[in-house]
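> Structure in structure tokens, see below.
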Amino acid sequence: MLHIARFDRLFDEALAEDLGIGDVTTDGLVSPFLRGRARVTSREPLTVAGVPVFLRVLQRLDAAIAVLDNAPESSRLLAGETLVRLEGSMAALLTGERVALNFLQHLCGVATLTRKYVEALPDARTKILDTRKTTPGLRALERYAVRCGGGFNHRARLDGGMLIKDNHVAACGGVREAVALARESQGPSLRIEIEVSTLEQLEDALACDAEVVMLDNMGIELARDAMKMVADVRSRQPDGETRRPFIEVSGNVDPADVLRFARLGVDFISVGALTHSAPAIDLSMTVEPC
């Protein structure tokens, strides 16, 4: 759920950045008493995310702006279809148009790119995850857009879980040393994820019983060898148990690659591009007096 009011400060700062001392064009041409209707359409196919954000930005200028109708969040639209229709102060609609559209275009872009990755998978066993490679200040909104696109969220912040990255491993002297220190500092009940980039590091991670192992920037062939090692560990479990770590793949994974990785049996594919490289959707807003 998106608790939209928590972002009011962000919206106000974005509007202030655009307004300066005021919208001299609208203030000089449009009566403050004139009411208008606005329609937002897309020039390309998209997955909808951020209509409540779009509305809230405009309502920071005129609380009486209301939605006449809108496409549901997570729905898919074709080029030329309408995302939302609004009614309210014409001056507020014109003044807030650019900032409101900036948010909406970006969030729809994140959701649309996420949907592209999700739809490349044959089933829901392998999950597409976002990362912390987000726009500063927009992380919660971008994570929401990922969910609208059918993806899942990785940890939101550094306090959301222990993820031992390559630089942590280097600082500690190795994978085994890093996991041992993690167990010592946080206790045996903590779920530990560790990033590995070689088969030797993977062997150490498996020997340490790490709960999640991230295969970082491994190509498909190296990842295949890694999954054979994981399967071998599982086959050697006593009493027929099938324990094994969850396996996450990360690093330069394109939509064309996700099915190949999923067929190896990985559990998660994390994609920084969902938030740091999603193209903004081309949207258009038209207004008319009413």
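The values are calculated or read from the model by the stated rules, or taken from the named source; none is laboratory data. Predicted model only: the values in this text are computed from it and were never measured. Here Cβ is always computed from backbone atoms with ideal geometry, including for glycine, and neighbour counts include all displayed protein chains.
> Just a yes or no: is a residue in region 218-227 within 30 Å of residue 1 (Cβ to Cβ), at pLDDT 95 or above and in a helix (DSSP H, G or I)?
no
> For region 100-118, how many residues meet the condition of being within 8 Å of the chain's Cα centre (by Cα) and either outside any helix (DSSP H, G or I) or among the polar types (S, T, N, Q) (or both)?
1
> Given the condition out of contact with any Lys or Arg (no Cβ under 6 Å at 6 or more places or on another chain) and not in a helix (DSSP H, G or I), answer yes or no: does some residue in region 7-14 qualify?
Scanning region 7-14, I find no residue that is out of contact with any Lys or Arg (no Cβ under 6 Å at 6 or more places or on another chain) and not in a helix (DSSP H, G or I), so the answer is no.
> Sticking with this structure for a sec: Identify all residues within region 254-277 that are out of contact with any His (no Cβ under 9 Å at 6 or more places or on another chain) and not in a helix (DSSP H, G or I); write none if there are none.
Taking region 254-277 as the starting set, the residues that turn out to be out of contact with any His (no Cβ under 9 Å at 6 or more places or on another chain) are 254-267, 269, 271-277.
The answer is 254, 263, 264, 265, 266, 267, 269, 271, 272, 277.
> Same structure, new question: If you go through region 191-198 one residue at a time, do you hit one that is surrounded by fewer than 15 Cβ atoms within 10 Å (Cβ to Cβ), at pLDDT 95 or above and more than 13 Å from residue 265 (Cβ to Cβ)?
Yes, region 191-198 contains a residue that is surrounded by fewer than 15 Cβ atoms within 10 Å (Cβ to Cβ), at pLDDT 95 or above and more than 13 Å from residue 265 (Cβ to Cβ).
> Just the residues that are of a type in the set (A, V, I, L, M), in a helix (DSSP H, G or I) and either surrounded by 20 or more Cβ atoms within 10 Å (Cβ to Cβ) or not assigned by TED's automatic domain parsing to the domain that holds residue 246 (or both), please, taken from region 119-161.
Answer for region 119-161, where residues must be of a type in the set (A, V, I, L, M), in a helix (DSSP H, G or I) and either surrounded by 20 or more Cβ atoms within 10 Å (Cβ to Cβ) or not assigned by TED's automatic domain parsing to the domain that holds residue 246 (or both): 141, 145, 146.
> State the number of residues belonging to region 51-99 that are touching a strand residue (DSSP E or B) at 6+ places or on another chain (Cβ under 8 Å), in a helix (DSSP H, G or I) and of a type in the set (A, V, I, L, M).
6
> Still on this structure: Condition first: touching a residue at least 60 places away in the same chain (Cβ under 8 Å) and touching a Gly at 6+ places or on another chain (Cβ under 6 Å). Can you find one or more residues in region 133-153 that meet it?
yes
> Also, I was wondering about something else. Looking for whichever is at negative phi, at pLDDT 95 or above and in contact with a Pro (Cβ under 8 Å, 6 or more places away or on another chain) here; the options are 19, 34, 86, 61. Which one fits?
When all the criteria are applied, what remains is 34.
> Let me ask something else about it. Among (1) in contact (Cβ under 8 Å) with a residue 12 or more places away in the chain; (2) over 25 Å from residue 274 (Cα atoms), where does residue 40 come up short?
It is condition (2) that residue 40 fails.
> Output the qualifying pairs, or none if there are none: Cβ atoms under 6 angstrom, residues six or more apart or on different chains, first residue in region 65-78 and over 8 Å from residue 51 (Cα atoms), second residue among the hydroxyl-bearing types (Ser, Thr, Tyr).
So the pair list comes out as 76/47; 77/42.
> Ok, one more. Applying the selection to region 33-50, what residues are surrounded by fewer than 24 Cβ atoms within 10 Å (Cβ to Cβ), closer than 17 Å to residue 281 by Cα and of a type in the set (A, V, I, L, M, F, W, C)?
Correct list: 40 only.
> Kindly indicate whether residue 55 is at pLDDT 95 or above and over 20 Å from the mean Cα position of the chain (by Cα).
Taking the combined requirement at face value, the residue satisfies it.
> Moving on to the next point. Of 178, 111, which residue is buried (at least 20 other Cβ atoms within 10 Å of the Cβ), in contact with a Cys (Cβ under 6 Å, 6 or more places away or on another chain) and free of Cβ contacts under 8 Å to residues at least 24 places away in the same chain? Spell out the reasoning first.
Numbers: 111 fails: free of Cβ contacts under 8 Å to residues at least 24 places away in the same chain.
Step by step, each of 178, 111 is checked, and only 178 is buried (at least 20 other Cβ atoms within 10 Å of the Cβ), in contact with a Cys (Cβ under 6 Å, 6 or more places away or on another chain) and free of Cβ contacts under 8 Å to residues at least 24 places away in the same chain.
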